[in-house]
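Trainee: Okay, handing you the structure first.
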Amino acid sequence: MSAFSFGSPTFLALAVVTLPLASWAMRSGHRRRREALARFGEESLLEKSSDLPGSRAQLASIGLRFGAVALGLMALARPQLGERPASLAHAGRDVLVVLDLSRSMNAADGALAPSEASESTRLAMAKRAISEVLAASPENRVGLVVFGGSAFLQLPLTGNQATFQRFLDAASTDDLGDPATNLGGALAAAAIAFEHDGERGYQSLLLVSDGENGGDIGPALTRLRRAGIPVFAIGVGSPDGAPVPADTTEAPEKWHRDHIGRVVISRPEEGDLRRAARETNGVYARWTPDAGRGLGTQLARMEKRTLSSRESTERVDRFQWPLGLALAALGLQAMLGLTHRRKRT
């Protein structure tokens, strides 16, 4: 048989302080009342000629009130005895993260100094954005699709957030051979991944990109819309733009140049990102810490399904016992006064 325990033992500590104070207050009140009656007249005579309860009735009333307070605190402490079977369900959604690894994601919009360039690239901001959004719903299953000129499923849906974080941290623009951007192909790859894993109505897509796109996203959006998959899109990068670094550190120049020799300046394009969110009943936000938290909150509010469950046991609350006794003590204390009045009548 399981041991007796308390679900909220803090109230027991409160009882250690409260009960002596309650006892002192009740006894002091009783003593002052007797002193006042003694000044008014003899207590035995007053007891016979008035409705005032006698000394024994008063002490019994004090004891019942004190017992009710003690039992009430015990009920608040949630006494527990015994166990019963319980099913622990893990509810959440399936979220595929679609991360842009194209060349333009190496642009360092927010760098104030050359030493900060690696920490202020659009890719670094995108990773922070993803972590911020997903932190609001740690119960979700998450997967990772990366894309540039092509797209592929880097990590299938998993409930292991630590594994996802390792894959996210390791993602680099060097992972893809084609440095271009095909946003439509990325959305289509995510739709295909959802067709093979997850349940309709409980799937979401988190798209993080600077929005530069060389393809048509219309067919992919139609596919997502028919499947009921909302796109939560985050745009990264400064409207002022930034030069795009060369593809490798071994390049003769620091910056990537176009076909006529000009340094390529990359600016975020929000049009397709807004369209993807709008046509799938999702949400778009330009990345800021506050926007990321807000997007995460909206994602967390969406309907969830049971992802897994396991059989377990839980303690059985018995607070009804002391609570019932406390109510009985208060009822009996009220009856004592009524009984005395009837006898006097």
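The values are calculated or read from the model by the stated rules, or taken from the named source; none is laboratory data. If you're wondering where the values come from, they're calculated on a predicted model, not measured in any experiment. A quick note on method: Cβ atoms are made from the backbone with ideal geometry, for glycine too, and the neighbour counts reach across all protein chains shown. Ligands, DNA and RNA are excluded from the accessible area calculation, which covers all protein heavy atoms including side chains. Shrake-Rupley method; radii C 1.70, N 1.55, O 1.52, S 1.80 Å.
Trainee: Condition first: of a type outside the set (G, A, S), more than 26 Å from S238 (Cβ to Cβ) and in a loop (DSSP other than H, G, I, E, B). Now tell me which residues in region 115-174 satisfy that.
Mentor: P138, E139, N140, N160
Trainee: A follow-up question, please. Scanning for something farther than 30 Å from R301 by Cα, modelled with pLDDT under 90 and open to solvent by 50 Å² or more (accessible area, probe 1.4 Å), does region 89-98 turn up at least one residue? Full working, then the answer.
Mentor: Pass one, region 89-98, residues farther than 30 Å from R301 by Cα: none.
Checking region 89-98: not a single residue is farther than 30 Å from R301 by Cα, modelled with pLDDT under 90 and open to solvent by 50 Å² or more (accessible area, probe 1.4 Å).
Trainee: Just give me the residues in region 261-281 being assigned to a helix (DSSP H, G or I) and open to solvent by 40 Å² or more (accessible area, probe 1.4 Å), in sequence order.
Mentor: G271, D272, R274, R275, R278, E279, listed by residue number.
Trainee: Can you name every residue in region 162-198 that is of a type in the set (A, V, I, L, M, F, W, C), open to solvent by 50 Å² or more (accessible area, probe 1.4 Å) and under 28 Å from the mean Cα position of the chain (by Cα)?
Mentor: Passing the criteria: A162, F167, A170.
Trainee: Looking at region 282-334 only, could you name the residues that are open to solvent by 80 Å² or more (accessible area, probe 1.4 Å), within 30 Å of F4 (Cβ to Cβ), charged (D, E, K, R) and at pLDDT 80 or above?
Mentor: Within region 282-334, no residue meets the criteria.
Trainee: Looking only at region 119-129, decide whether some residue is open to solvent by 10 Å² or more (accessible area, probe 1.4 Å) and modelled with pLDDT under 75. I'd like the intermediate steps shown before the answer.
Mentor: Initially, region 119-129 is screened for residues open to solvent by 10 Å² or more (accessible area, probe 1.4 Å), giving 119-121, 123-125, 127-128.
Next, from what is left, pick out any that are modelled with pLDDT under 75: 119.
Among the residues of region 119-129, at least one is open to solvent by 10 Å² or more (accessible area, probe 1.4 Å) and modelled with pLDDT under 75, which makes the answer yes.
Trainee: Next question, about the same structure. Enumerate the pairs (first residue in region 5-20 and farther than 10 Å from P79 by Cβ; second residue anywhere and among the β-branched types (V, I, T) and surrounded by 14 or more Cβ atoms within 10 Å (Cβ to Cβ)) with beta-carbon separation below 9 Å, excluding pairs fewer than 6 apart on the same chain, so at least 6 apart or on different chains.
Mentor: A15/V69; T18/V69; L19/V69
Trainee: Go through region 1-57 and report how many residues are in a helix (DSSP H, G or I), under 45 Å from the mean Cα position of the chain (by Cα) and either surrounded by 14 or more Cβ atoms within 10 Å (Cβ to Cβ) or at pLDDT below 80 (or both).
Mentor: Going through region 1-57 one residue at a time, the tally reaches 8.
Trainee: I'm checking my understanding of the structure. Among residues of region 130-161 that are under 17 Å from the mean Cα position of the chain (by Cα) and among the hydrophobic types (A, V, I, L, M, F, W, C), which one is surrounded by the fewest Cβ atoms within 10 Å (Cβ to Cβ)?
Mentor: At the first step, the residues of region 130-161 found to be under 17 Å from the mean Cα position of the chain (by Cα) are 130-142, 159-161.
Still in the list and also among the hydrophobic types (A, V, I, L, M, F, W, C): 130, 133-136, 142.
Details: I130: 25, V133: 27, L134: 22, A135: 13, A136: 17, V142: 27.
In this case the residue turns out to be A135.
Trainee: Which condition from (1) under 15 Å from V97 (Cα atoms); (2) within 22 Å of the chain's Cα centre (by Cα); (3) in a helix (DSSP H, G or I); (4) of a type outside the set (F, W, Y) is the one that G294 breaks?
Mentor: Among (1) under 15 Å from V97 (Cα atoms); (2) within 22 Å of the chain's Cα centre (by Cα); (3) in a helix (DSSP H, G or I); (4) of a type outside the set (F, W, Y), the lone unmet condition for G294 is (1).
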